[in-house]
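Undergrad: First the structure, then my questions, so here it is.
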Amino acid sequence: MSRGSGGGYDRHITIFSPEGRLFQVEYAFKAVKAAGITSIGVRGKDSVCVVTQKKVPDKLLDQTSVSHLFPITKYLGLLATGMTADARTLVQQARNEAAEFRFRYGYEMPVDVLAKWIADKSQVYTQHAYMRPLGVVAMVLGIDDEFGPRLYKCDPAGHFFGHKATSAGLKEQEAINFLEKKMKNDPAFTYEETVQTAISALQSVLQEDFKANEIEVGVVRQENPVFRVLSMEEIDEHLTAISERD
Amino acid sequence: MGDSQYSFSLTTFSPSGKLVQIEHALTAVGSGQTSLGIKAANGVVIATEKKLPSILVDESSVQKIQTLTPNIGVVYSGMGPDFRVLVRKSWKQAEQYHRLYKEPIPVTQLVREIAAVMQEFTQSGGVRPFGVSLLVAGFDDNGPQLYQVDPSGSYFSWKASAMGKNVSNAKTFLEKRYTDDMELDDAVHTSILTLKEGFEGQISGKNIEIGIIGADKQFRVLTPAEIEDYLAEVE
């Protein structure tokens with residue numbers, strides 16, 4: 001008859017609970033939701049788009065410094081949902097790793113390699129007691145030389161998958177339900193459709209219509225594989241197109 | 001390893017002499033997706049369910065069965081991220097052996113080294129055991145072999161085995177169906193039937209993975225199309 005909970009420490013560090021769960025990892029997922037932001041990523045035929053809310057809690061804050069979209073290299077972007085400080089650490093390490101990769105191997109780090117590296121790092125935190133898991137879900141996007149547009153999501157448990165579309169944050173499940181319906185028949189979205197699907201998914205799930213300064217949008221396109229954050233004007237164009245379409 | 005603050009083992013003996021962290025790790029394995037392996041007279045097959053959290057996940061980006069060396073493959077039940085760590089360590093071990101002895105690592109040696117790593121994590125400071133059980137399938141000079149490695153680091157050679165959610169039904173099914181003179185093709189059919197037993201939903205080439213190794217000593221993962229062919233034969 002196995003003994004009870006590991007002395008109560010199974011909630012404090014990443015050791016197993018009697019049911020074989022890792023509570024610290026589960027709590028890390030809750031921390032991601034607690035940030036109150038929802039993010040969405042959609043992969044089209046020749047582009048990938050990620051969208052997130054831009055909540056500026058204080059009018060005195062400099063809006064430009066509030067961002068969850070980070071370029072890792074010229075060609076790879078990362079959208080971090082959850083605890084901002086943890087996100088910044090992750091981004092810093094990812095940038096370093098990508099730069100070293102380029103130096104060491106002579107070619108740009110592919111999307112899936114970066115995603116795997118992030119996920120493997122997260123796994124270490126779930127196995128070693130001295131570091132807690134990061135409270136961040138990272139969506140990595142880029143154009144792969146062989147496979148085309150790619151979107152990966154990495155979570156605090158160390159899982160990572162490629163996605164046709166996905167979501168993270170507060171309204172993650174609602175957004176995934178919405179996206180599942182849209183992507184059911186494997187549509188091959190054009191760039192405009194990709195961006196508009198992502199933005200309208202966010203609007204639908206949060207049940208509000210956004211202004212251009214309330215969301216952040218990042219894209220990569222096959223014709224120009226550089227990771228780009230859309231400007232206010234571009235976001236406005238898409239928002240207008242969506243409202244005219246409805 | 002890790003911070004000196006945690007230079008004590010987190011896996012310690014209970015008064016009844018058990019290592020409860022290992023037991024909990026086995027529970028984690030038992031709630032993982034079912035996987036199984038069968039050793040035939042002329043090869044080995046390993047298979048697993050591949051249930052993904054959503055249809056939005058690109059199933060071609062996920063490969064649960066991994067090739068450790070050209071003639072050794074592995075599948076797991078339990079925590080995917082932990083599995084990746086073990087696969088990476090195995091690749092390195094295999095390569096180091098090859099560098100030293102200029103020949104491919106025998107299956108038993110590789111299994112022993114992976115098991116040693118898993119045991120380390122049940123005794124070292126500041127770490128928890130791996131939440132995976134592995135089925136290692138290989139074909140070397142000693143013929144076809146199938147080993148199961150548990151979170152404790154103990155390993156055994158099996159004629160056929162199963163792990164994960166549906167383990168008891170699967171093992172009963174395998175016990176009935178297994179024969180010593182089974183051919184590889186039969187073993188593939190049997191493994192599909194075993195997976196089908198506990199499968200929720202419609203089984204297809206996209207939600208299971210199968211890896212085989214035959215007398216050619218080349219481990220490979222079947223494509224979804226090949227799995228569909230086998231499924232059609234089984235119907």
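The values are calculated or read from the model by the stated rules, or taken from the named source; none is laboratory data. All of these numbers come straight from a predicted model, not from anything done at the bench. Cβ atoms come from the backbone with ideal geometry, glycine included; neighbour counts cover every protein chain shown.
Undergrad: Is it fair to say residue A:176 is touching a Ser or Thr at 6+ places or on another chain (Cβ under 7 Å) and β-branched (Val, Ile, Thr)?
TA: yes
Undergrad: Which ones in the stretch B:37-57 are among the charged types (D, E, K, R) and within 18 Å of residue B:174 (Cα to Cα)?
TA: B:39, B:49, listed by residue number.
Undergrad: Would you be able to tell me the number of residues in the stretch B:3-33 that are touching a Ser or Thr at 6+ places or on another chain (Cβ under 7 Å) and over 23 Å from residue B:123 (Cβ atoms)?
TA: Of the residues in that region, 2 qualify.
Undergrad: Scan the stretch B:100-120 and tell me whether some residue there is aromatic (Phe, Trp, Tyr), over 26 Å from residue B:177 (Cα atoms) and within 14 Å of chain A (Cβ to nearest Cβ).
TA: no
Undergrad: To continue, here is another question. Between B:84, B:99, which is under 30 Å from residue A:176 (Cβ atoms) and of a type in the set (D, E, K, R)?
TA: Answer to the check: B:84.
Undergrad: Can residue B:20 be described as within 12 Å of the chain's Cα centre (by Cα), among the hydrophobic types (A, V, I, L, M, F, W, C) and buried (at least 16 other Cβ atoms within 10 Å of the Cβ)?
TA: For residue B:20, the condition - within 12 Å of the chain's Cα centre (by Cα), among the hydrophobic types (A, V, I, L, M, F, W, C) and buried (at least 16 other Cβ atoms within 10 Å of the Cβ) - is not met.
Undergrad: Please give the strands (runs of 3 or more DSSP E) falling wholly within the stretch B:97-216 in which 2 or more residues are surrounded by 24 or more Cβ atoms within 10 Å (Cβ to Cβ).
TA: Of the strands (runs of 3 or more DSSP E) lying wholly inside the stretch B:97-216, those with at least 2 residues that are surrounded by 24 or more Cβ atoms within 10 Å (Cβ to Cβ) span B:132-140, B:143-149, B:160-163, B:208-213.
Undergrad: For the stretch A:170-193, which residues satisfy the criterion of being part of a helix (DSSP H, G or I) and under 15 Å from residue B:58 (Cβ atoms)?
TA: Within the stretch A:170-193, A:176, A:179, A:180 qualify.
Undergrad: Residues being under 26 Å from the mean Cα position of the chain (by Cα) and at pLDDT below 90: count how many of those fall in the stretch A:13-42.
TA: Looking only at that region, the number is 2.
Undergrad: Moving on to the next point. What residue, among those in the stretch A:206-226 that are surrounded by fewer than 17 Cβ atoms within 10 Å (Cβ to Cβ) and within 22 Å of residue A:150 (Cα to Cα), is nearest to the other protein chains (Cβ to nearest Cβ)?
TA: A:222
Undergrad: Being in a loop (DSSP other than H, G, I, E, B), touching a helix residue (DSSP H, G or I) at 6+ places or on another chain (Cβ under 7 Å) and among the hydrophobic types (A, V, I, L, M, F, W, C) is the filter here; which residues of the stretch A:13-55 pass it?
TA: Correct list: A:13, A:15, A:16, A:22.
Undergrad: Name the residues in the stretch A:59-94 that are among the β-branched types (Val, Ile, Thr) and assigned to a loop (DSSP other than H, G, I, E, B), would you?
TA: Matches in the stretch A:59-94: A:66, A:72, A:73.
Undergrad: Restricting to the stretch B:65-87, count the residues that are in contact with a Lys or Arg (Cβ under 9 Å, 6 or more places away or on another chain) and closer than 12 Å to residue B:213 by Cα.
TA: 4
Undergrad: Restricting attention to the stretch B:78-96, which residues are buried (at least 19 other Cβ atoms within 10 Å of the Cβ) and within 14 Å of another protein chain (Cβ to nearest Cβ)?
TA: Matches in the stretch B:78-96: B:78, B:79, B:80, B:81, B:82, B:83, B:84, B:85, B:86.
Undergrad: Continuing with this model, one more query. Among the numbered criteria (1) outside any helix (DSSP H, G or I); (2) among the acidic types (Asp, Glu); (3) under 17 Å from residue A:14 (Cβ atoms), which single criterion is violated by residue B:82?
TA: Condition (1) is where residue B:82 drops out.
Undergrad: For the list (1) touching a residue at least 24 places away in the same chain (Cβ under 8 Å); (2) crowded, with 22+ Cβ neighbours inside 10 Å, I need the number of the one condition that residue A:161 fails.
TA: If we test residue A:161 against (1) touching a residue at least 24 places away in the same chain (Cβ under 8 Å); (2) crowded, with 22+ Cβ neighbours inside 10 Å, just (1) comes out false.
Undergrad: Against the definition (buried (at least 18 other Cβ atoms within 10 Å of the Cβ) and over 19 Å from residue A:158 (Cα atoms)), how does residue A:69 come out, yes or no?
TA: yes
Rundown of residues vs (1) within 14 Å of another protein chain (Cβ to nearest Cβ); (2) crowded, with 21+ Cβ neighbours inside 10 Å; (3) under 27 Å from residue A:114 (Cα atoms), yes/no style:
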| residue | (1), (2), (3) |
| --- | --- |
| A:168 | yes, yes, yes |
| A:182 | yes, no, no |
| A:185 | yes, no, no |
| A:190 | no, no, yes |
| A:204 | no, no, no |
| A:240 | no, no, no |
| A:243 | no, no, no |
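Undergrad: Which count do you get for residues in the stretch B:56-68 that are touching a residue at least 60 places away in the same chain (Cβ under 8 Å) and in contact with a Gly (Cβ under 9 Å, 6 or more places away or on another chain)?
TA: Total satisfying the criteria: 5.
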